[in-house]
Structures are given as structure tokens and as C-alpha cells.
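The next block holds one structure in the form of C-alpha cells; read it before the comments.
The values are calculated or read from the model by the stated rules, or taken from the named source; none is laboratory data. Source: prediction; values computed, not measured. So basically every Cβ, Gly included, is an ideal-geometry build from the backbone, and we count neighbours across all protein chains shown. Surface areas here come from the heavy atoms of the whole protein model, side chains and all, with no ligands, DNA or RNA. Shrake-Rupley method; radii C 1.70, N 1.55, O 1.52, S 1.80 Å.
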Amino acid sequence: MANPLHIQPISAFGATVTPPGSKSLTNRALLLAALADGESIIRNPLIAEDTQLMLDALCALGFDVQHDAAANTVRVRGLGGQLPAKSADLNLGNAGTTYRFLTAACCLGAPGNAYTLDGNKRMRQRPIRQLVEPLRELGAQIEYLNDEGFPPLRVVGCQLSGKELNMPPTLSSQYISALLHVAPYCRDDLTIHFDGPVTSRPYVQMTLGLMSVFGVDAEVDPALTRIHIEPGRYTAADYTVEPDASNASYFLAAAAIIPESRCTIDGLGKGSLQGDVGFADVLHQMGADIVYGREFITVKAPPKGQRLRGIDVDLNQMPDMAQTLAAAALFADGPTTIRNVGNLRVKETDRLAALQNELNKLGAVVTIDGDDLTIEPPPGGKIKPAAIDTYDDHRMAMSFAVVGLAAPGVVINDPGCVAKTFPRFFEYLGRLGHERGPD
């Protein structure tokens, strides 16, 4: 899907949507299955570019991985923390989650076994030092092959020691999750002390939840200032992946901005491990109605004749929702300020700059102040037609496509970039236009 895609506005709709499985849960489950003893079954995994890169990398590392497309399952035979391959060259594209998780996992190779991890041009611009340094403190042998602090890397297998680590606030929670994944295979206990707030805390809690599914429980203080993990082994599991909460946000936002609309996400609710389910609460702050069940979320547009209202919100705990919120903010009365999202600069693109560029095209006035983004909607709510550049960033394409459902003239350039996490996104989006609105 290389050609620009014209998004057609739709009228009021009522729909129930079940997005494909969560990328975050799929990648964690695949890796933990590879590190576990015995054969695990991962049901309803997301099969998209990012997770395919994880699958391919596990195969390159020598694991027995069997994907049954018809049954939508993946079977992984783990070897209790051992890496079968003596060497591997891993090209991980722009899959940040996969790159960071595998950097730590490759340290578990047998002493002397060497693995190189590389990616595309953007990956080589994404910092990795905040993971490499604590791994080195544990005894890891990691070499920067080009620029200091950035991929590509060469990792030589060793026995990680375990110790007490003091970690300042990091750019990404994925550095912490990567350390937690390998912690049971350290020679000694691993204790991580956090010298400040944990970025994207729900993702760390997600990691701890998945580790428990695979048989390893950590000691965690309620304030998440300390995590302690004893040496152990993961055990094989039969695990079903929830729908992706991040990708669900686009359909919920569409229901909030299109008058008299309603959308229910099936299979995702109060019991979710994904912090991004909290985006429904953000829409509620803006004036949308929401209903939470244990396994569903429903968002309804504000009552007839009312508009969303601008809000001031800290999204540090769910930064991937910033772009969806920015799209909804175009339809609000008053400005919206999204705070504490500086880590957007080191995502698939510099998302702060990209949002400013593309929202301005649509007639908004956007300012960046440190790690905060403020969006003044277009005067009178008149959104200008525009061709939206996506910067090879799936979330830019998906969030701005939502704008096009409610305002004419929105064109998405390079729509195929959604293949990173949601290859059939535009097919799902198109169904909304055929769903009848609430009576």
C-alpha cells in the first residue's frame, strides 16, 4: 500500500471491534517462551512486522518455533535460558521492543558465543546506552560497532552475575523490561532500585505479569521503587494474548469525535495487563461516555449537541496514546496539553516534531515546550484538507486516519507503514462506515 490513501468521512456508527493481539504482550510472551523449560503455546499472537522480526530472530538463535496460521498459534520450545545458536546476525529493522529485549537475551548465550544486533537507519539513531550500561554492570560483554551509545551491537555470551542496580529514570521502560526478562538466569539475586519515577510504568507491570504467567514471581514494593528477583527458571505456559489496547484506541477515538457514535472493544477491559486501556478514561475526561466491563470497553460520543473539551493531561504512563489524543484534540473546544512525553522523540520517529508538523497542516496551532505538547484546534473547528506524512511511523498513519473519518480531505501518505503492528488496520477502519449508529 505505497500510494496515498484518501480517507472518506463517515456518519454516526455503532460497532463492536476486536483488534488483533497485543504487540507488547506477544513479544514478551514469545521471548519468555523461548527462555522457559519445554514447549509453550501462544494463542492469538499478533503477526505483524514487529512480531515477525521477533519470530525470525528466535529462529536465527536456534529455537524451534512453529507458527500455525490457521489456528492462530505459535509453539515455542524453550531450553531453560540457553540459546541454541553459537552465533547469529540479527537485523531487527525499526522494532525497538524486539531490539532491546534481544540485547539482554543474547547475554545468556554460552560463554564465547557472539551475536550481532543491527537495524535500519532509524534504529541506529535510537539510544541503547541505558540498557547496555546496567547489563555491563552485571558482567555482560557488549561492544558498540559504530557510534557509542547506539546500535549496532555485538553481544558475547556470559554468565550474568546479579547484584543491586540503581537505575535513574530511563527514556524507555523497555530497558527495564529487558533486564527483568533475563533476571532469573543471573547467578545471584538481582535487585533494581529506581532513583526516580519509572517511565511508562504500566509496561513494567505488564512484564512482571507475563513473567508470573511463565512461573517467575518478583518482589515488588507498592510504589515500584524496588524490584527483587531470585535465580530461577521460567516454565512453559499456554497463554492467550489479549487484543491490542494501543490499536483499540483509534476506534474508541473515532466514536468520541463522530457525533452519536458508539464503539465497543471486545476482549479488553478492567482485567487487562495493558496500561493503554486507560485511554478510555482520557476520552471520558474530554466528555465522552464510557462503560468498562471485565472484558469490554465501550466509548460513546458526548450527548447530542455537545463537543469534546480540551484537557491538560500527563501521558508519561501511556505515551503511545499521545498521537491518538492529538487527533481527538482537533475536535475539542479549547486547547489540549499533553505533558511529560519527551520520550516520544526516540520512538519510530521524533513524534513530537511529527505531530507539530502534521497538526499544523490541518489548521491547528501546536507548540512544544520541553516535554509538553499543546494543541489549539483550528478556529471554528474548521479542519483544513491536507496530505499527512507518516514518517514510517504506524501510529502517525493510524491516528491521522481517525481525523479523516470526521473531516473531509485527509490523505495518508505511505499508509502501508501500519504493517508494523496492524497490517489490516484500514480494512478494520473501513468497516466502521458500514456500521449503523445507535438508535
Inset, instruction - Taking every Cα atom in segment 34-86, find the radius of gyration and the maximum pairwise distance Dmax, and write them in Å. - result: 10.8, 33
Legend entry - Viscosity 0.692 mPa s, 37 °C: Kirkwood-radius Stokes-Einstein D of segment 105-255 over Cα pairs, µm²/s: 196 µm²/s
Legend entry - Computed [θ] at 222 nm, helices only, for the chain once each DSSP H run of length n ≥ 4 contributes -39500 (n - 2.57): -8500 deg cm²/dmol
Inset, instruction - Please identify, among Gly21, Gly271, Gly209, the residue showing maximal mean-square fluctuation in a Gaussian network model of the chain using a 10 angstrom Cα cutoff. - result: Gly271
Inset, instruction - With everything on Cα atoms, drop me the angle between helix 23-35 and the longest principal axis of the chain, reported from 0 to 90° to the nearest 10. - result: 10 degrees
Legend entry - Cα-Cα P(r), segment 1-102, percent of pairs per 5 Å interval: 2, 12, 20, 20, 16, 9, 7, 6, 4, 3, 1, 0
Legend entry - Scattering curve values for the chain, log₁₀ I(q)/I(0), Debye with Cα scatterers, q = 0.10, 0.12, 0.14 Å⁻¹: -0.69, -0.98, -1.28
Inset, instruction - Working with all protein chains in place, sort Lys23, Lys384, Lys361 by solvent-accessible area computed with a 1.4 Å probe, largest first. - result: Lys384, Lys361, Lys23
Legend entry - Exposure rank, largest accessible area first [Lys420, Lys121; 1.4 Å]: Lys121, Lys420
Legend entry - Ellipsoid equivalent to segment 272-395 - semi-axes via the Cα gyration tensor, in Å: 23, 19, 13
Legend entry - Degrees, to the nearest 10: 394-406 long Cα axis against longest axis of the chain: 20 degrees
Inset, instruction - With an 8 Å cut-off on Cα pairs and a minimum separation of 6 or more residues, tell me the relative contact order of segment 220-306 in percent. - result: 29 percent
Legend entry - Simple label model, 7 Å out from Cα along Cβ direction - Asp56 to Thr235, nm: 3.5 nm
Inset, instruction - Kindly report, to the nearest 10 Å², the accessible surface of Thr264 as traced by a 1.4 Å probe over protein heavy atoms only. - result: 20 Å²
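Would you mind calculating the relative contact order of segment 40-159 from Cα pairs under 8 angstrom and at least 6 residues apart, reporting the percent as a whole number?
In percent, rounded to a whole number, it is 23.
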Inset, instruction - Considering the convex hull of the alpha carbon atoms of segment 42-131, report its projected area averaged over all viewing directions, in nm², one decimal. - result: 6.1 nm²
Legend entry - Nearest-10 value in Å² for the accessible area of Val277, using the 1.4 Å probe: 30 Å²
Inset, instruction - Taking every pair of Cα atoms in segment 12-169, average 1/r, invert it to obtain the Kirkwood radius, and report Rg/Rh to two decimals. - result: 1.01
Legend entry - Gain on full stretching of the segment that runs from Glu427 to His193 - 0.36 nm per residue minus C-alpha separation: 79.8 nm
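Give the whole-number value, in cubic angstrom per residue, of the convex hull volume spanned by the C-alpha atoms of segment 352-434.
92 Å³
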Inset, instruction - Treat each spin label as a single point 7 Å out from the Cα along the C-beta direction, and report the Arg75 to Asp221 distance in nm. - result: 4.5 nm
Inset, instruction - Could you grab the relative contact order for segment 300-439? Cα pairs under 8 Å, six or more apart, rounded to a whole percent. - result: 19 percent
Legend entry - If the convex hull is drawn through the Cα atoms of segment 140-221, its volume per residue in Å³: 112 Å³
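Could you tally the net charge around Gly275, taking each other residue with its Cβ under 14 Å from the Cβ of Gly275, Lys/Arg +1 and Asp/Glu -1? Write out the running numbers ahead of the final one.
Numbers: positive: Lys23, Arg28, Arg201, Lys270; negative: Glu242, Asp244, Asp276, Asp281, Asp314, Asp320.
Residues near Gly275 contribute -2 overall.
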Legend entry - Cα Rg, Dmax (largest Cα-Cα span) when computed across segment 321-382, Å: 10.8, 34
Inset, instruction - Determine the order of Asp217, Asp238 by accessible area, beginning with the largest, at a probe radius of 1.4 Å. - result: Asp217, Asp238
Legend entry - Residues Asp371 and Glu164, FRET efficiency given R0 of 25 Å [Cβ-Cβ distance, rounded to 0.05]: 0.25
Inset, instruction - Please report the orientation-averaged projected area of segment 194-265, defined via the convex hull of its C-alpha atoms, in nm². - result: 7.2 nm²
Legend entry - On Cα atoms only, tilt of 351-361 relative to the major axis of the chain in degrees: 20 degrees
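Between Thr337 and Lys304, what FRET efficiency comes out of the Förster formula 1/(1 + (r/R0)^6) with R0 = 30 Å and r the beta carbon distance, rounded to 0.05?
Efficiency, from the Cβ-Cβ distance: 0.60.
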